[in-house]
Amino acid sequence: MQLTDSPWFIRPAAEQDAPLRLFCLPYAGGGASIYRGWPARLPGVEVLTVELPGRETRLGEQPFSEMTPLVQALTDALEPELTRPYAIFGHSLGGRIGFEVNREIRRRGLAAPLALFVSGCRAPHIERVPTPKLSELPERMFAGMVRKLSGTPPEVFEDPELLKLLMPALRADFTILDSYEYTDEPALPWPVHAFGGTEDPDAREDTLLAWQAHTSASFRLRNLPGGHFVVRTRQKEIAEAVGADLAQFAALAGFAAQSQP
């Protein structure tokens, strides 16, 4: 993998001339490395994995703890990269960020994506069942709860120094989740395709089907065996499905463009 000129993205060297781009957003506490295996599964697609401040290659930077400033900064970084047909994929918190970035892209009148892909992320208008806010828990309790979610490698919690380094990003990401407030806007005019795990209590099938309200184009839900982190356990199936959808959307867009006078 290689860094781009922007610290926000890491891209594979092999597909820099690919006709399509896919921007991949990580889940809470995750970094760009969770998509390390995707480029090999998506020939003809340049996979740009998003590296948020406060983790991995940007570990020394202050992480965002509010959705709106993060969306504004990420959209600023995306704008010069929207030079070829593209889509955005995000898992869990990444899906929510991706949704808000899509809406910001529309507000700014930037080149529209082929689609939005979300995974393990209930529709944004579905309110969470009231629970204690993880971001407000004392550090020891917060670390224990995050460990139970199984998204962060267990060795992180066994190394106090490493945990101390990663704690600001973890806390900031869950602050974004806990403080997120959905505001109503018209449905996106491009497809929204969703993925979920059949055993995911946080993103049940009904809450994933509710994404259909956020597109006036096509919607599709693929539910795969597994829990919340199907993006890891079912990487092959999800990446290949995204690749097939991208190819179809690009072909349809190309045909439509050629058929216009």
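So here's what we get for this one:
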quantity: Distance between the stretch 1-71 and the stretch 218-252 - C-alpha centres, whole angstrom; calculated: 18 Å
quantity: Cα long-axis angle, helix 93-108 against the chain (0 to 90 degrees, to the nearest 10); calculated: 50 degrees
quantity: Linear extension gain, I126 paired with T198, 0.36 nm per residue minus alpha-carbon span; calculated: 24.1 nm
quantity: For the stretch 165-207, size of Cβ-based charge dipole, Lys and Arg +1, Asp and Glu -1, in debye; calculated: 220 debye
quantity: Residues with amide H under 5 Å from that of S216, placed H, sequence gap 5 or more; calculated: L188, W190
quantity: Value of Rg/Rh across the stretch 3-43 [Cα atoms, Kirkwood radius]; calculated: 0.94
quantity: Highest-fluctuation residue, P138, P53, P85 considered, GNM on the chain with Cα pairs under 10 Å; calculated: P138
quantity: Distance between modelled label sites at T183 and E136, nm, 7 Å Cα→Cβ extension; calculated: 2.3 nm
quantity: Beta bridges per DSSP with both ends in the stretch 1-151, % antiparallel, nearest 5; calculated: 20 percent
quantity: Computed magnitude of the charge dipole of the chain (debye, nearest 20; Cβ of K, R +1, Cβ of D, E -1); calculated: 380 debye
quantity: In Hz, Karplus ³J(HN,Hα) per residue of the stretch 229-237 (6.51, -1.76, 1.60; θ = phi - 60°; x = Gly, Pro); calculated: 9, 4, 4, 9, 6, 10, 4, 4, 5
quantity: Under 20 Å from the Cα of K236 - aspartates and glutamates, other chains or at least 8 residues apart; calculated: E15, E46, E199, D200, D245
quantity: Pairwise label distance in nanometres, A213 with A247, each label 7 Å out on the Cα-Cβ vector; calculated: 3.5 nm
quantity: Read-out semi-axes √(5λ) of the Cα gyration tensor in Å, derived from the coordinates shown; its label in (1) 41, 21, 17; (2) 34, 21, 19; (3) 29, 21, 18; calculated: (3)
quantity: Other-chain or far-sequence residues with amide H under 5 Å of V47's (modelled H); calculated: L22
quantity: Per-peptide average of other Cβ atoms within 10 Å, ordering 40-49, 25-34 highest first; calculated: 25-34, 40-49
quantity: For the stretch 132-146, 3J(HN,Hα) per residue [Karplus equation, 6.51 cos²θ - 1.76 cosθ + 1.60, θ = phi - 60°, Hz, x = Gly/Pro]; calculated: x, 6, 4, 5, 9, 6, x, 4, 5, 5, 4, 4, x, 5, 5
quantity: Size of charge dipole - the stretch 40-179 - debye, nearest 20, with Cβ of Lys, Arg +1 and Asp, Glu -1, no other charges; calculated: 500 debye
quantity: With Cα atoms, 0 to 90° folded angle of helix 67-78 axis to the chain main axis; calculated: 50 degrees
quantity: Estimated vicinal HN-Hα couplings, Hz - the stretch 24-35 in sequence order (Karplus 6.51, -1.76, 1.60; Gly, Pro = x); calculated: 10, 9, x, 7, 4, x, x, x, 4, 5, 5, 9
quantity: Theoretical gain in end-to-end length, E66 to R108 [0.36 nm per residue, Cα-Cα removed]; calculated: 13.1 nm
quantity: Signed unit charges on C-beta, dipole axis of the chain, positive-most listed residue T183, T198, P138; calculated: T198
quantity: Percent of beta bridges antiparallel (DSSP, the chain, rounded to nearest 5); calculated: 15 percent
quantity: Filtered GluC sites (Glu not before Pro), the stretch 173-261: DSSP coil and at most 13 other beta carbons within 10 Å; calculated: E181, E199
quantity: FRET efficiency for E237 and E79, using Cβ-Cβ distance with R0 set to 35 Å, rounded to 0.05; calculated: 0.65
quantity: Projected area, mean over directions - the stretch 1-114, Cα convex hull, nm²; calculated: 6.4 nm²
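Laboratory data are not the source of any read-out in this text; all were calculated from the coordinates shown. These numbers come from a predicted model, not from an experiment. Positions of Cβ are backbone-derived with ideal geometry, glycine not excepted, and every protein chain shown enters the neighbour counts.
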